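Working notes, structure below.
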Amino acid sequence: PVIGEPGKVFSTGPEVAIGEDGKIYYIKRRNSPIIFTEVVGCRLAAMVGLKVPTAHVGNFGGDLYAAVESVPAADRNIRPWLRDQVRIINRGHLFEVIAVDTWLVNDDRNMGNVVGSSVGEGRIEVFMIDFEKSRTLAENPFLGSGAIDPRRLWPTEELGTILRQGAPRCPDAILGRIAAVSTPQLNDLVMPVAAELPFIHWQESSVEVLARRAQNIGRLVEAVWATN
């Protein structure tokens with residue numbers, strides 16, 4: 001089991017496992033639709049250039065899990081680095097993830113799911129983890145995505161406060177990359193994962209919602225910035 005900070009409870013009950021490839025993976029939610037949201041969410045974020053761990057559907061003893069590769073040289077206490085963001089080599093990703101979370105309708109970005117990775121010389125890069133709360137990838141994606149207030153798509157609690165203090169406009173590059181995502185690209189990414197999970201049946205609706213939100217990402221992100 002993964003042991004968090006004192007008082008921290010992981011809602012998905014993650015565990016640590018060693019893959020057949022010898023790599024360390026965090027696995028979560030046996031035979032659950034969350035496998036779909038987590039794996040596809042990570043892969044979509046990576047497709048548009050966000051720094052995220054590699055994610056797979058894992059199989060152990062006939063059961064299926066979301067298997068997310070461990071961040072190298074991980075530092076889970078991101079607070080000190082946020083006070084001096086010049087030492088974060090990809091600090092723009094702290095704001096780009098807001099655009100990705102807006103696209104995916106993932107309203108669970110917080111200090112605990114931003115992980116640092118040392119690159120030496122007193123610097124880190126940040127990885128974004130945990131996409132399992134994505135409404136576009138959950139069952140009934142049209143209804144779930146439309147029910148979320150833009151205010152909830154800004155990072156919560158301490159992380160949100162820190163980013164709000166110096167919030168620039170959302171980087172144009174990430175908006176352009178999301179807007180350029182095509183339906184065939186979405187199908188190529190989403191459908192193979194759904195095919196591994198016999199309990200997923202809404203993948204076509206997810207692709208349609210993601211395609212629509214990609215086309216309107218500038219307006220959607222502007223609403224998030226305006227309300228925060």
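The values are calculated or read from the model by the stated rules, or taken from the named source; none is laboratory data. Bear in mind that the values here come from a model prediction, so they are computed numbers and not experimental data. Cβ placement follows ideal geometry from the backbone for every residue including glycine, while neighbour counts extend to all protein chains displayed. Heads up: the accessible areas ignore ligands, DNA and RNA and are worked out on the full protein's heavy atoms, side chains in. Shrake-Rupley method; radii C 1.70, N 1.55, O 1.52, S 1.80 Å.
Things worth noting here:
- In the condition set (1) open to solvent by less than 40 Å² (accessible area, probe 1.4 Å); (2) under 28 Å from TYR26 (Cβ atoms); (3) at pLDDT below 95; (4) not charged (D, E, K, R), PHE131 is compliant with all but (3).
- Scanning segment 53-69 for residues being modelled with pLDDT under 95 and either in contact with a Pro (Cβ under 6 Å, 6 or more places away or on another chain) or not in a strand (DSSP E or B) (or both) gives a total of 2.
- Single residue of segment 171-228 satisfying the filter (aromatic (Phe, Trp, Tyr) and out of contact with any Cys (no Cβ under 9 Å at 6 or more places or on another chain)) that is nearest to LEU153 (Cα to Cα): TRP202
- Any hit, segment 117-125, residues being assigned to a helix (DSSP H, G or I), open to solvent by less than 10 Å² (accessible area, probe 1.4 Å) and out of contact with any Cys (no Cβ under 9 Å at 6 or more places or on another chain): no
- Enumeration of residues in segment 135-167 that are over 18 Å from SER206 (Cα atoms), open to solvent by 60 Å² or more (accessible area, probe 1.4 Å) and in contact (Cβ under 8 Å) with a residue 60 or more places away in the chain: ARG151, GLU158, ARG164
- Matching residues, segment 27-52, being touching a Pro at 6+ places or on another chain (Cβ under 8 Å) and either of a type in the set (Lys, Arg) or closer than 16 Å to GLY116 by Cβ (or both): LYS28
- Qualifying residue in segment 51-61 (condition: within 19 Å of LEU159 (Cα to Cα), among the polar types (S, T, N, Q) and without any contact (Cβ under 8 Å) to a residue 40 or more places away in the chain): no
- Matching residues in segment 90-114 - criterion: being of a type in the set (D, E, K, R), part of a helix (DSSP H, G or I) and either within 10 Å of the chain's Cα centre (by Cα) or surrounded by fewer than 23 Cβ atoms within 10 Å (Cβ to Cβ) (or both): ASP101
- Enumeration of residues in segment 63-94 that are under 14 Å from PRO53 (Cα atoms) and small (Gly, Ala, Ser): ALA66, ALA67, SER70, ALA73, ALA74
- In segment 194-228, the residues that are assigned to a helix (DSSP H, G or I) and acidic (Asp, Glu): GLU204, GLU208, GLU222
- Residues in segment 35-83 that are open to solvent by 30 Å² or more (accessible area, probe 1.4 Å) and among the β-branched types (Val, Ile, Thr): 1 in all.
- Matching residues in segment 214-227 - criterion: being touching a helix residue (DSSP H, G or I) at 6+ places or on another chain (Cβ under 6 Å) and surrounded by fewer than 19 Cβ atoms within 10 Å (Cβ to Cβ): GLY218, ALA223, THR227
- Residues (under 19 Å from the mean Cα position of the chain (by Cα) and of a type in the set (A, V, I, L, M)) located in segment 181-210: VAL181, LEU186, LEU189, VAL190, MET191, VAL193, ALA194, VAL207, VAL209, LEU210
- Subset of segment 168-185 that is touching a residue at least 40 places away in the same chain (Cβ under 8 Å) and of a type in the set (A, V, I, L, M) - its residue that is most open to solvent (accessible area, probe 1.4 Å): ALA173
- Only one of the numbered conditions (1) more than 26 Å from ARG123 (Cα to Cα); (2) surrounded by 17 or more Cβ atoms within 10 Å (Cβ to Cβ); (3) modelled with pLDDT of 95 or more is violated by LYS28, and that is (3).
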